[in-house]
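Please read the structure below before turning to the comments.
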Amino acid sequence: ICAIVVGLLVYVGLSIFFAYTVDGNLLATDRQILYKIAWNPELVLVGVCGATISSALGSILGAPRILQATAIDKITSSFFAKGHGPSNEPRNAVLLTFFIAEAGILIGELDVIARVVSVFFITTYAFLNLSCAFEAWSSADFRPQFRIPLWVSLLGSLACLVVMIQLDPLAMLAATVLLGLLLFYLQR
């Protein structure tokens with residue numbers, strides 16, 4: 001919780017700093033503005049690279065394990081359930097993840113990919129908030145160690161929806177259709 005609060009304070013602080021020190025049109029059009037206003041532009045590059053590598057590794061290493069777990073539970077194809085070696089490494093799922101990532105790289109338009117990936121992450125957060133609200137409302141056996149009011153979860157889900165609409169309505173629509181098809185497939 002402390003890490004989340006610190007992250008939130010940093011992002012809100014940066015937003016306020018940019019709002020009062022940099023012209024809004026410049027923020028929207030100049031992709032190098034952070035380098036131009038930084039005291040040490042090299043640290044900006046190091047930070048961006050570190051955040052990118054951290055996110056990429058988290059996704060590339062986490063997604064295959066989740067796919068393997070869903071295959072073991074017979075939700076997805078059993079092809080992905082098989083592990084290799086003493087630590088049961090999900091090679092088949094890693095290969096699928098690699099091909100998906102490689103397809104994104106080969107598209108070549110990083111801004112397009114970033115928007116689509118962002119929409120999928122925001123969709124995940126929206127559904128997590130909605131699930132938490134639904135479980136708290138309907139289930140007597142939902143007992144997390146700390147309580148969050150129902151309205152906070154609903155507000156979080158609504159905020160995610162608003163951000164997706166503002167970010168890219170077309171990507172939001174594509175993500176919704178894709179996730180709906182995935183839900184339909186998994187229900188069958």
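A few notes on this one:
- Any hit, the stretch 128-143, residues being of a type in the set (Phe, Trp, Tyr), open to solvent by 60 Å² or more (accessible area, probe 1.4 Å), farther than 24 Å from residue 58 by Cβ and not in a helix (DSSP H, G or I): yes
- In the stretch 171-185, the residues that are under 9 Å from residue 119 (Cβ atoms) reach residues that are of a type in the set (D, E, K, R) with C-beta atoms within less than 6 angstrom, at least six apart or across chains, in these pairs: 171/115.
- The stretch 60-81 residues that are outside any helix (DSSP H, G or I), paired with ones that are open to solvent by 30 Å² or more (accessible area, probe 1.4 Å) (beta carbon under 7 Å, 6 or more apart): 75/186; 76/67; 76/70; 81/72
- If the condition is being touching a helix residue (DSSP H, G or I) at 6+ places or on another chain (Cβ under 6 Å) and free of Cβ contacts under 8 Å to residues at least 12 places away in the same chain, then the stretch 83-103 contributes only 84.
- For the stretch 84-108, the set of residues classified as open to solvent by less than 70 Å² (accessible area, probe 1.4 Å) and either of a type in the set (Asp, Glu) or assigned to a helix (DSSP H, G or I) (or both) consists of 92, 93, 94, 96, 97, 101, 102, 103, 104, listed by residue number.
- Pairing each residue of the stretch 28-53 that is of a type in the set (A, V, I, L, M) with any residue that is assigned to a loop (DSSP other than H, G, I, E, B), provided the two are 6+ apart or on different chains, yields C-beta distances under 8 Å for 33/22; 37/22; 44/38.
- When the stretch 145-188 is filtered for residues that are within 23 Å of residue 77 (Cβ to Cβ) and assigned to a helix (DSSP H, G or I), the ones remaining, listed by number, are 175, 177, 178, 179, 180, 181, 182, 183, 184, 185, 186, 187.
- Given (1) over 22 Å from residue 65 (Cβ atoms); (2) under 16 Å from the mean Cα position of the chain (by Cα), index of the condition residue 117 fails: (1)
- Annotation: residue 166 fulfils all but one of (1) under 19 Å from the mean Cα position of the chain (by Cα); (2) open to solvent by less than 80 Å² (accessible area, probe 1.4 Å); the unmet one is (2).
- Criterion: of a type in the set (Asp, Glu) and closer than 17 Å to residue 66 by Cα - qualifying residue of 89, 109: 89
- Residue count, the stretch 40-83 (criterion: polar (S, T, N, Q) and open to solvent by less than 60 Å² (accessible area, probe 1.4 Å)): 5
The values are calculated or read from the model by the stated rules, or taken from the named source; none is laboratory data. Note that the structure is predicted; figures quoted are calculated from it, not measured. In this analysis, Cβ positions are derived from the backbone assuming ideal geometry, glycine residues included, and neighbour counts consider all displayed protein chains. SASA here: full protein model, heavy atoms, side chains in, ligands and nucleic acids out. Shrake-Rupley method; radii C 1.70, N 1.55, O 1.52, S 1.80 Å.
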